[in-house]
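Notes follow the structure.
We did not get these values from a lab; they are worked out from the coordinates using the rules stated. Values in this document were obtained by computation on a predicted structure and should not be read as measured data. Every residue, glycine among them, receives a Cβ derived from its backbone with ideal geometry; neighbour counts consider all protein chains shown.
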């Protein structure tokens, strides 16, 4: 096995929306810094934007303010947000949009040259090629090295500081180690924890990228980083079967949520994101399903435009309409809730960060879906966070250099890094040890089995689709027991090639994330958001829980729960969370 | 839902394998092969990379598929793209999109 060692001033893990924008920012502003961006697939189409997107969902439209966007997010999450993070993000939504337009993104304008808005917070675009545009911009930065098809599995960390990362090629027999004291995690959220909508052949026909498997969350959890709000799961309301987005028909052509009796039910349950979903679940449970977005009022021209809009974002939906012979004009679009995802760009799960997106691990930063506290980021919020983190990293490197405190990397640390890398490489080898005698080796537990088992446990005991997203403490106890069982048998898995190794590590990271989700669901003893976190032992909302549920994995593997008071204003950027807002700490 | 690779058309250039966000494609005997068809997300990145229209997209029967395929061609004008739905009895439905035009909704 070939071993490759690399060093950089800045290491960016994950080449999706936030990671690419951070790399672009460092390329534009800090040409003296050597930056490596590592991506497990290819930055051209990796992450959430692979198929495209057809609106910018977070934009401060004419006459509105950044604070109004913050207020909207806060209301939607019933108070559990970081207003400081939301405001710093909202202040940049429009400037990053302008950069993307200058790079080639097509945005709809009216005759006065103004962007055409869709509702209060959206603008319409042709975003089919948004990711290739962004990737091209990164490629043009001479100080940025792009490593595609390299999967990072672990951070190198000690005593609350990061020193690099370890991974392997997904295509050839090569292990990688990176020595770097400034690491940005931008790996996205986690899909595939729960049994999906289409568990058979189309198991990956989900809304969130099935390849976002929570790697960054897992790396942070293992390193002892503080995490926040993993109990605020995100469950999307989507077109049935194709799990295609619904905003284009709900907001775009004004389709209302109706049940099988033709009744408009959306106003009955409230219009927050979670209530729109909960309403649909309830209508189904009480026998008034299936539920629809009623599109039958649209014109033939509108129908044609919807075919195009979906081809630019979720082509399976257009194929479904055309193949069935009936489009959205002829038949309302059936909708359903997805399996729960953990995603800090829609709800608030992720790393606990300061306003500059520093995590609680020294030298480690987080941006995009992996960073917590700031929901409704969408594309532009992820871009904004990439920019904020990149600026903070450059500033921190600069102050370190000025203060000449660069004694971090001592001989002692070098030795420690080498030891960590050796141990990790040995672990990779252990999964690959039978690759050359596959015929002789009979494994009873396979990668697919592990995935199915994990998803079944989460579905049945931690509030998946089959349980109408509900759970109780007893069930969560069982969920933990079974996920821990799966963690124990994980080392039995065998990889015949590097692709198998990737799949094994994707399961490993999802199991780590599952345990954190379970601990958080158990800790919040109320039901603040229907469906997102519906605890049947505590079916009501309680003002006592108007606070964050945070967590930290202790060296013995236990998850410590930390309750924190709401951060309501910008607190500065010290980044070290020793403030007196800690209310309680206990083991999950 | 997944993709289907026409081995007669595939030239084994590897562009689809390079771009797939799930690392699902590989080149075996100079042809692209999908390792796990059930792991395809349906993003169609591979269709957009393929210069010989060897990659076709379809919906699995479990999500309403009826055997039609979807193909993608980037126009010679460097501006339009053509999506084609071809039914099992070879009826074609073509949608042309101007990449410089925004979505209306």
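Summary of computed values
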{"quantity": "Average beta carbon contacts from partner chains per residue of A:303-309, 10 Å cutoff", "calculated": "4"}
{"quantity": "Likely footprinting exposure, A:117, A:90, A:316, A:111, fewest C-beta neighbours within 10 Å first", "calculated": "A:111, A:117, A:90, A:316"}
{"quantity": "Rel. contact order, % - alpha carbon contacts under 8 angstrom, at least six apart, the stretch B:2-98", "calculated": "22"}
{"quantity": "Length-normalised contact order of the stretch A:299-371 in % [C-alpha pairs under 8 Å, at least 6 apart]", "calculated": "21"}
{"quantity": "The stretch B:45-79 and the stretch A:200-255: distance between their alpha carbon centers, rounded to Å", "calculated": "24"}
{"quantity": "Percent RCO, i.e. relative contact order, over chain A, from Cα pairs under 8 Å lying at least 6 residues apart", "calculated": "19"}
{"quantity": "B:72, A:157 arranged by Cβ crowding within 10 Å, fewest neighbours leading", "calculated": "B:72, A:157"}
{"quantity": "Residues A:78, A:369, A:102, A:448 arranged by fewest to most Cβ contacts within 10 Å", "calculated": "A:102, A:448, A:78, A:369"}
{"quantity": "Shape of the protein assembly as shown, Cα gyration tensor, a/c cut at 1.5", "calculated": "rounded"}
{"quantity": "Acute angle (nearest 10 degrees) that the helix A:315-324 long axis makes with the longest principal axis of chain A, alpha-carbon atoms", "calculated": "40"}
{"quantity": "Ranked packing of A:324-336, A:534-546, B:59-71, most packed first, by mean Cβ within 10 Å", "calculated": "B:59-71, A:324-336, A:534-546"}
{"quantity": "Alpha-carbon centroids, the stretch A:144-191 and the stretch A:259-296: separation in whole Å", "calculated": "43"}
{"quantity": "Separation in nanometres of the label points that stand 7 Å from Cα toward Cβ, at residue B:4 and residue B:98", "calculated": "3.4"}
{"quantity": "Efficiency of FRET from Cβ geometry, residue A:474 and residue A:544, R₀ 25 Å, rounded to 0.05", "calculated": "0.65"}
{"quantity": "Between the stretch A:63-124 and the stretch A:485-562, the alpha-carbon center distance in angstrom", "calculated": "31"}
{"quantity": "Other protein chain Cβ atoms within 10 Å, averaged over every residue that makes up A:320-327", "calculated": "5"}
{"quantity": "Shape category assigned to the stretch A:340-466 from the gyration tensor of Cα positions, a/c cut at 1.5", "calculated": "oblate"}
{"quantity": "Peptide A:496-502, shielding by other chains (average Cβ, 10 Å cutoff)", "calculated": "2"}
{"quantity": "Overall form of the stretch B:37-97 per C-alpha gyration tensor (a/c, 1.5; a/b vs b/c)", "calculated": "oblate"}
